[in-house]
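Reading through the structure tokens given below for one structure.
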Amino acid sequence: MDFLSKLGIKEVNFGASTGQQWLETAQGGELAIHSPADGKFIARVHQATETEYEAVIAKAQEAFIYWRTVPAPKRGDLVRQIGNRLREYKAPLGALVSYEMGKSLQEGLGEVQEMIDICDFAVGLSRQLYGFTMHSERPEHRMYDQYHPLGIVLTISAFNFPVAVWSWNAMLAAVCGDVNIWKPSSKVPLTAIACQNIIAEVLRENDLPEGLFSLVIGKGSTVGERMLNDKRIPLISVTGSTSVGRHANEMIARRFGRAILELGGNNAIILTPHANLKMAIPAVVFGAVGTAGQRCTTTRRLIIHEDIYDQVKETLVKAYGSLRIGTPMDEKNHVGPLIDKSAVQMFVKAIEMATKEGGTLIYGGEVLEGEEYASGCYVRPAIIEAENQYAIVQEETFAPILYLIKYSGDVHQAIGVQNDVVQGLSSSIFSDKLQEAEAFLSHWGSDCGIANVNIGTSGAEIGGAFGGEKETGGGRESGSDAWKAYMRRQTNTINYGATLPLAQGIKFDL
């Protein structure tokens, strides 16, 4: 495929890079990557061992010593150049994201655009790494706080957004004066290799040292565990399941490291009697089936008032019936494959569990067969009538399953149902009634990190901080002031007088 050669993807690739040099090794085992779109072999990757990891982190340490001395606007200029280079490679990189991961081509191109957007955001941020000045209680004293580069930032990314989430972390970290090591999902390593190749061009053109942007593709049981326990890495950003995040956080906290956790979501949309259904239905369908239900912000629960329940159910079944399922490389298709056959098995098992608990499958749920679905990773998105307390509804199933949940009271009852799960990432309400919308956004409203009115749960913009509460982890990435997580904060006090008054009026005379 032409896009592979344009991105420097070979039949056999290496899994460790210091940013400009690939470390050639064949000792860490091999990954054979197949596309979930058609099941065809794409390429092989030799995984890094702990030896290559040590080489990468040594270069990263050296690079940080230099990079932290570069003025932030100059660091931003490098990120600007990376964003421009991504613009040049948008078409082939978007195609690779789609083919390797299985999301639609439009979503693949959109993910690369998200990388470009975060580069633009970071460039502006490089001139706005602000601190605050405070008034001292002591005469002739000045107090202020400032932010300094932190060090090496490790980004552990998941398969569902193989490049965007890394860019959220890496580009912000770069303008903050940090260096980045990337451990991508072993399910989608080729997009990471492609990004490393693209960035290497920019680094060479600027005569920059190795180690600013590094890559390690290796086994979690060896290299991954070493990373979590490595005191040389002050901050690790982890995107993945709640169980993965819990383990990572325990290891990082044990050594007093920092963690940004972006974990599971069990996102709901509330439809009140005052909802504009012409707006709501497309938002629900895209939120539930986009990326084949494999977004952390996927709509998994639809909480519907009894007055409009039957109408919504009928409309949704009709809308689902019009979905085109097939290869993600065809832009006419709405739904592509799940990432692999194990994801298909989870999809089937979840439906079985929901019906066993008393739920009713009213649409879809089949594993699709035929030449077009030869990879075995295609399913028909499911709609299930359920109760919020079902054990399976309380879990996040990373697949296109939408649970319909009926409520009969006021909006506060619906909010209570929405909040009655352990996850707290994204949430939404559709209502044209001001009082309902404001209640949803109030202190006693949605307990999620993202709360939307009259838009769906997925498709967050990079300008806002992204992340959630409860078992979603509490981390924030991307926009707003999320940059502060990548820096160390320092409070400074300057005495420009000739005496030494103490705070709180303490006297200490010698």
TODO: Per residue, how big is the convex hull around the C-alpha atoms of region 413-462? Give it to me in cubic angstrom, could you?
DONE: 82 Å³
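Where does region 235-274 land on Rg/Rh, using Cα atoms and the Kirkwood Rh?
1.29
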Open item on the list: Given contacts defined as C-alpha pairs under 8 Å and at least six residues apart, what's the relative contact order of region 248-338, whole-number percent?
Closed with: 26 percent
Open item on the list: In the chain, once you exclude exposed GluC sites (Glu not before Pro) (DSSP loop, at most 15 other Cβ within 10 angstrom), what's the longest stretch remaining?
Closed with: 141-305
Open item on the list: Using just the Cα positions, wrap region 80-126 in a convex hull and report its mean projected area in square nanometres, one decimal place.
Closed with: 3.0 nm²
Open item on the list: With bins 5 Å wide starting at 0, give me the P(r) of region 101-141 over every alpha carbon pair, in whole percents.
Closed with: 6, 17, 12, 10, 10, 9, 9, 7, 5, 5, 4, 4, 2
- [ ] List the residues of region 181-200 whose backbone N lies under 20 Å from a point placed 7 Å from the Cα of Asn84 along the Cα-to-Cβ direction.
- [x] 195-200
Open item on the list: Along its three principal axes, how long is region 225-351 when you only count alpha carbons? Whole Å, largest extent first please.
Closed with: 56, 36, 27
Task: Convex hull (Cα only) mean projected area of region 296-396, reported in nm² to one decimal - done: 7.1 nm²
Task: Compactness index (Cα Rg / 2.2 N^0.38 Å), region 189-283 - done: 1.61
TODO: Considering Cα pairs under 8 angstrom that are at least six residues apart, work out the relative contact order of region 163-224 and quote it in whole percent.
DONE: 43 percent
Open item on the list: With a 1.4 Å probe and all protein chains kept in place, how do Phe41, Phe430 rank by accessible area, largest first?
Closed with: Phe41, Phe430
Open item on the list: Whole percent per 10 Å bin, from 0 to the bin with the longest distance: what is P(r) over all C-alpha pairs of region 360-510?
Closed with: 9, 25, 25, 17, 11, 7, 4, 3, 1
- [ ] Just check region 45-137 against the gyration tensor rule for me: Cα atoms, a ≥ b ≥ c as the square roots of the eigenvalues, rounded for a/c under 1.5, and otherwise prolate or oblate depending on whether a/b exceeds b/c.
- [x] oblate
- [ ] Please go through the residue pairs Lys10/Lys187; Lys59/Lys484; Lys103/Lys406; Lys6/Lys74; Lys10/Lys231 and name each one whose alpha carbons sit more than 23 Å apart in this structure.
- [x] Lys59/Lys484; Lys103/Lys406; Lys6/Lys74; Lys10/Lys231
TODO: May I ask which residue of Ser104, Val216, Phe398 lies farthest towards the positive end of the charge dipole of the chain, with charges of +1 (Lys, Arg) and -1 (Asp, Glu) on Cβ and the Cα centre as origin?
DONE: Val216
TODO: Using R₀ = 35 Å, calculate the FRET efficiency as 1/(1 + (r/R₀)^6) where r is the Cβ-Cβ separation of Asn276 and Thr491; round to 0.05.
DONE: 0.10
Open item on the list: Could you tell me the center-to-center distance, by alpha carbons, between region 1-17 and region 421-488 in angstrom?
Closed with: 37 Å
Open item on the list: Using all alpha carbons of the chain, what is the percent of pairwise distances in each 20 Å bin, ordered from the shortest bin to the longest?
Closed with: 22, 51, 23, 3, 0
Task: Total charge dipole magnitude, region 289-340, about the Cα centre, Cβ charges on Lys, Arg, Asp, Glu only, Debye to nearest 20 - done: 140 debye
TODO: Give me the Kirkwood hydrodynamic radius of region 369-451, using the inverse of the mean 1/r over all pairs of distinct Cα atoms, in Å to one decimal.
DONE: 14.9 Å
Open item on the list: Considering all projection directions equally, how large on average is the shadow of the alpha-carbon convex hull of region 461-510, in square nanometres?
Closed with: 7.1 nm²
Task: the chain, helix-only ellipticity at 222 nm - DSSP H runs n ≥ 4, -39,500 (n - 2.57), divided by all residues, nearest 500 - done: -11000 deg cm²/dmol
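The values are calculated or read from the model by the stated rules, or taken from the named source; none is laboratory data. Worth saying up front: this structure is predicted, and the values here are computed from it rather than measured. Cβ: placed from backbone, ideal geometry, glycine included. Neighbour counts: every protein chain shown. What goes into the accessible areas is simple: the full protein's heavy atoms, side chains included, and nothing from ligands, DNA or RNA. Shrake-Rupley method; radii C 1.70, N 1.55, O 1.52, S 1.80 Å.
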